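The values are calculated or read from the model by the stated rules, or taken from the named source; none is laboratory data. Here the structure is a predicted model, which means the values were calculated and not measured. Every residue, glycine as well, gets a Cβ built from its backbone with ideal geometry; the counts of neighbours run over all protein chains shown.
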Amino acid sequence: MAVVSAPLSHAGGMVVAPPSLADPAYQGLWSWVTTVDHKRIGILYGVSAGAFFVLGGLEALVIRLQLWQPDNTLVSAQMFNSLFTMHATTMIFLAIMPLGLMFFNYIIPLQIGARDVAFPRLNAFSYWTFILGGIMLNLSFLLGGAPDAGWFGYANLTTRTYSPGPGIDFWMLGLQVLGVASLAGALNFFVTIVNMRAPGLSFMRLPIFCWMSLITMILLLLAFPSITVGLLLLMFDRFFNTNFYSVPHGGDPILWQHLFWVFGHPEVYILILPAMGIVSEIIPVFSRKPLFGYAVMVYSGIAIAFLAFGVWAHHMFAVGLGPIADAVFASSTMLIAVPTGVKIFNWIGTMFKGSVAFKTPMLFAVGFISMFIIGGVTGIMHASPPADLIQHDTYFIVAHIHYVLIGGSIMALLAGVYYWFPKMSGRMLNETLGKWNFWTFIIFFNVTFMPMHWTGLLGMPRRVYTYGAELGVTTLNQISTIGAIGLAFSVLLFVVNVFTSLRYGEIASDDPWDGATLEWSIPSPPPTYNFARIPTVHSRDAWWGMKHPERLHLDPIEPTPLAGGPAHSTETAHTVVQTAPHDTTPSVIHFPSPSYWPFVCSAGLATMAVGLLLSDSFGEMTIPIFAILGLVLLIGGIYGWSYEPA
Amino acid sequence: MTHTAVPVIVDSGAAPPALEAPLELEHPHTSTGQDNRKLLMWAFLASDCMFFGTLIATYMVYKNRSLTGPYPREIFDVPYTSVSAFVLLLSSLTMVLALSSIQRGEERKLRIWLGATALLGCVFLAGQFYEFTTFYREGLTLSTNLFGSTFFTLTGFHGTHVFIGVFWLASLVVHSFRGKLHREHSLLVEIAGLYWHFVDIVWILIFTLVYLIPD
């Protein structure tokens, strides 16, 4: 990497003004509470989501153990309901989405050549709101019973009449708080990607991960209001006796299903599009070829997002919406297989005739493609209403969703961790453990979920705490349970790999994979300010273009001196003042000060929700008291935030 | 948490570059040329469109499906609500005048027009409060029937938006009185204006769909 940088000192640069993240006085817990650095917030998201992932996995293990044999009594039916509800809610909202946010936070600013996200404090606010919402949701296990109506929470099971306990309140308010976090995050990354790109980084040069993230943000912005309203109506029904889902008063529970799935189906693409973006970054790098059909990849991502809003009722074929609605939604659902298929062929096309190196990230990426194809094919099967009526609410659907979400999202996210871990930590993950991790993961994943296709078609309904021996699915269930234990073992290998590599892993170079995108042009881990100088982008795969212009059939490019040299010693920079060689006017890199106001705002939001939660045990008066307390915190936080010098 | 900037010269080179260089550029360079905050507001409004779209759709789905009275025709006072709708629409005009004042650097006029906008918003809110209490006295509550539930929820959330807007405008007026809102900060007024106009437009939709179109 000869291209790295004229040292900053040659440019007459200087550094002013601590405090900084590397400052020893600025490393404690408080520094993490007040951090506004996108890299630190990314790590916070990763660690929290990892913990929730383990929690959700343990819930799944208990579910599998309960289903080990017919008429098992390991857990009660009530507990089983809570377990599958919390398993799904945790995995979707507290594990996969925030794992995506870890990468959005850490990688997007680096890939677009920015020094931070557009709104660093809003970013901190998203994280704190997310973590408080997640904790609130899980406290339900200790405070009066976890939610038990499924992650989809169908009305009118969720109304006060049929779910009198506080479980649904925790679920509803927890999701509402998480929704605020998602909305704030989506706004932030939308603006970041649209507005903070380095010079020359046009949209059609944007790294494909950023493209898929941008589309995800648009989905989040447009899909979340629907569930927000659905949950608000539910909240009003439960606390203020409105009639939205109350059948005796003319309310229609199907309204909830529409509101939920208008959000719920785009949500599926919110979970998978970032995964597709990660895989689209990894496959070219390990095939030593630019992504095949970049533009078509972008367009198909947009097409998926567009169609995502027109397929929601395929979750509701069993409702009986009538032949016309069923036909329309079946067609649009099958149509969405086209852009998805295009993506799969493009990944294969990228590998075709490439010199493929099967390092762990690539193994997981290829594993993603193969498992996602299986999940996609079963998806097309129940896009057809007659087939769906047979498969509906059976383990066949459970198999499908896990092939898409574990075989799809989780495998891609693991690929992303193996790929970007060197950049984030400065150390490589162990390759041998990584390969063990991959093979145990993909084998036990299939052992767990492949049999569920048969379990389902043989008629075992999902979300039922046990089954009879006469159904003839005992062996299949036992295979699944064994697989689940194996899968847990594989995740354990991953955790061991992360912790040992953090301490003993091989030191990573700045660019260990000969990467294509700008994050590999700066030190591992990156300095606080990311880029000493903002790079100028001349091509797609910007960093490849700078390193190997001849390979991309480009004219030789004069690379922007990025970081390196004395930049390392300025990692402590809070504010970096630099001058370009030919420029005598100093430009200023301004960094926002650490701030606790985002945390105050998040705490205010959570306080309001807690008042509603406590009203069951401590009476109605907690609602106004906590609402006022929370509002004071929130409004105080917003004003403190606004008047704080950014 | 603010930190006083203690200059620490790591690499002296020549004379230290001018420390009086502005620490924050008012309009940092962006890819689209639009300010980040303005883009954020547009994106938020797109999301808010879906929010009100969903609420309005809920109202429309449940229209004429109440099992008991009071029904909309019995209690709506369309001329009364037309006046308050007109007041809210008028506030969009004063908002535009406020923005044009700050863009021309006329700070006294800015305060007058911002204050007028907030005041008109308050009049609208007072009108809504009076309407709600009247309906309540005539027997319509959140839980009476589907009309009550959907009507109060939809118009209540719109009212909450207006309330937040009034708060925001009042804060800007205070900001201006403290001498901190000048010509170069016109973007702050522009963004508040975007929000305010959006809330107005939503009311046009609600007023038409809820009050004007007969059952």
Worksheet item: How many residues does the range A:130-162 contain that are surrounded by 21 or more Cβ atoms within 10 Å (Cβ to Cβ) and over 21 Å from A:Leu101 (Cα atoms)?
Response: 8
Response to the item:
Of the candidates A:Ala223, A:Ala155, the one satisfying the condition of being within 14 Å of chain B (Cβ to nearest Cβ), part of a helix (DSSP H, G or I), in contact (Cβ under 8 Å) with a residue 60 or more places away in the chain and under 30 Å from A:Val247 (Cα atoms) is A:Ala223
Item to complete: Identify the single condition in (1) surrounded by 20 or more Cβ atoms within 10 Å (Cβ to Cβ); (2) part of a loop (DSSP other than H, G, I, E, B) that A:Arg551 does not satisfy, given that it satisfies every other one.
Response: (1)
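For the range A:425-443, give me each residue that is part of a helix (DSSP H, G or I) and within 23 Å of the chain's Cα centre (by Cα). So that I can check it myself, show each step before the final result.
Here is the first cut: in the range A:425-443, the residues part of a helix (DSSP H, G or I) are A:425, A:431-443.
If the condition is that a residue be part of a helix (DSSP H, G or I) and within 23 Å of the chain's Cα centre (by Cα), then A:Ser425, A:Gly434, A:Asn437, A:Phe438, A:Phe441, A:Ile442 are the ones that fit.
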Response to the item:
Counting only residues that are in contact with a helix residue (DSSP H, G or I) (Cβ under 8 Å, 6 or more places away or on another chain) and outside any helix (DSSP H, G or I), the range A:465-508 contains a total of 6
Worksheet, complete the sentence: Just one listed residue, out of B:Ala14, B:Ala21, B:Ala46, is closer than 30 Å to A:Arg121 by Cα, modelled with pLDDT under 90 and facing another protein chain (nearest Cβ under 7 Å), and it is B:Ala21
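Which residues, counting only those in the range A:404-424, are over 16 Å from A:Gly515 (Cβ atoms) and touching a Leu at 6+ places or on another chain (Cβ under 7 Å)?
If we filter the range A:404-424 for residues that are over 16 Å from A:Gly515 (Cβ atoms), which is where we start, we get A:404-414.
Correct list: A:Leu405, A:Ser409, A:Leu413.
Based on what the data block shows, is A:Gly483 surrounded by fewer than 16 Cβ atoms within 10 Å (Cβ to Cβ) and within 30 Å of A:Asp148 (Cα to Cα)?
Working: surrounded by fewer than 16 Cβ atoms within 10 Å (Cβ to Cβ): no; within 30 Å of A:Asp148 (Cα to Cα): yes.
So A:Gly483 does not fit the description; no.
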Worksheet item: Can you name the number of the only condition in (1) surrounded by 16 or more Cβ atoms within 10 Å (Cβ to Cβ); (2) modelled with pLDDT under 80; (3) over 30 Å from the mean Cα position of the chain (by Cα) that A:Pro592 fails?
Response: (3)
Fill in: Filtered residue count, the range B:49-73, keeping only those that are more than 7 Å from chain A (Cβ to nearest Cβ) and not in a helix (DSSP H, G or I)
7
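Going by the conditions given, is B:Thr117 buried (at least 20 other Cβ atoms within 10 Å of the Cβ) and not in a helix (DSSP H, G or I)? Walk me through it before giving the result.
Details: buried (at least 20 other Cβ atoms within 10 Å of the Cβ): yes; not in a helix (DSSP H, G or I): no.
So B:Thr117 does not fit the description; no.
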Item to complete: Name every residue in the range A:95-116 that is aliphatic (A, V, I, L, M) and not in a loop (DSSP other than H, G, I, E, B), in order of residue number.
Response: A:Ala95, A:Ile96, A:Met97, A:Leu99, A:Leu101, A:Met102, A:Ile107, A:Ile108, A:Leu110
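Table: residues versus (1) within 8 Å of another protein chain (Cβ to nearest Cβ); (2) farther than 19 Å from B:Cys49 by Cα; (3) of a type in the set (Val, Ile, Thr).
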position	(1), (2), (3)
A:Ile227	no, no, yes
A:Phe236	yes, yes, no
A:Thr242	yes, yes, yes
A:His249	yes, yes, no
Discussion item. Could you tell me how many of the residues in the range B:145-179 are at the interface with chain A (Cβ under 10 Å from one of its Cβ atoms) and of a type in the set (Ser, Thr, Tyr)?
Written reply: 4
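If you take the residues in the range A:601-646 that are outside any helix (DSSP H, G or I) and out of contact with any Lys or Arg (no Cβ under 9 Å at 6 or more places or on another chain), which one is farthest from A:Val177 (Cα to Cα)?
Step one: filter the range A:601-646 for residues outside any helix (DSSP H, G or I), giving A:619-621, A:644-646.
Going one step further and asking which of them are out of contact with any Lys or Arg (no Cβ under 9 Å at 6 or more places or on another chain), we end up with A:619-621, A:645.
Numbers: A:Gly619: 22, A:Glu620: 21, A:Met621: 21, A:Pro645: 27 Å.
Selected residue: A:Pro645.
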Practice prompt. Among residues belonging to the range A:434-465 that are touching a strand residue (DSSP E or B) at 6+ places or on another chain (Cβ under 8 Å) and among the small types (Gly, Ala, Ser), point out the one that is nearest to A:Tyr403 (Cα to Cα).
Written response: A:Gly456
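If only one of B:Val87, B:Val96, B:Val83 is crowded, with 16+ Cβ neighbours inside 10 Å, more than 14 Å from every other protein chain (Cβ to nearest Cβ), among the β-branched types (Val, Ile, Thr) and under 23 Å from the mean Cα position of the chain (by Cα), which one is it? Spell out how you get there, then give the answer.
Working: B:Val96 fails: crowded, with 16+ Cβ neighbours inside 10 Å; B:Val83 fails: crowded, with 16+ Cβ neighbours inside 10 Å.
Sole residue among the options that is crowded, with 16+ Cβ neighbours inside 10 Å, more than 14 Å from every other protein chain (Cβ to nearest Cβ), among the β-branched types (Val, Ile, Thr) and under 23 Å from the mean Cα position of the chain (by Cα): B:Val87.
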Worksheet item: Which ones in the range A:190-219 are within 10 Å of another protein chain (Cβ to nearest Cβ), assigned to a helix (DSSP H, G or I) and buried (at least 24 other Cβ atoms within 10 Å of the Cβ)?
Response: A:Phe190, A:Val191, A:Thr192, A:Ile193, A:Met217
Worksheet item: If you take the residues in the range A:336-386 that are more than 24 Å from A:Met428 (Cβ to Cβ) and among the charged types (D, E, K, R), which one is nearest to the chain's Cα centre (by Cα)?
Response: A:Lys343
